[in-house]
Amino acid sequence: MENKSVQIDTDYDKHALNIKFSDNLTDDRERGYILSAAFLSFCASQGLDKQEVIEMINTNYSQFTDQDGSTLFKRL
């Protein structure tokens, strides 16, 4: 099995996250699975329980999808 990689950088000037995938990681479902697994693994390592993760997503998801430029990342 061939290794695949994801690199995430922040660009505070542009209020954006830059995500780079290795050339052999082209399937969007696989990309989503890897990013989701990394997020959930991080939450678990921080001691968050399932309900806390659900509440965090319910509270913040729209802040990443709003079209008015007021994203959560922009406020960091």
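The values are calculated or read from the model by the stated rules, or taken from the named source; none is laboratory data. Predicted model, so just to flag it, every value in this text is computed and none were measured. Here the Cβ positions follow ideal geometry from the backbone for every residue, glycine too, while neighbour counts run over all protein chains shown.
Data for the structure
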| item | result |
| --- | --- |
| Any hit, the range 33-45, residues being at pLDDT below 95, over 12 Å from the mean Cα position of the chain (by Cα), loosely packed, with under 10 Cβ neighbours inside 10 Å and not basic (Lys, Arg) | no |
| Filtered residue count, the range 1-32, keeping only those that are exposed (fewer than 10 other Cβ atoms within 10 Å of the Cβ) and among the hydroxyl-bearing types (Ser, Thr, Tyr) | 1 |
| Filter pass, ILE57 being within 15 Å of the chain's Cα centre (by Cα) and not in a helix (DSSP H, G or I) | no |
| Every residue from the range 21-54 that is assigned to a helix (DSSP H, G or I), farther than 15 Å from ILE8 by Cα and among the charged types (D, E, K, R) | ASP28, ARG29, GLU30, LYS50, GLU52 |
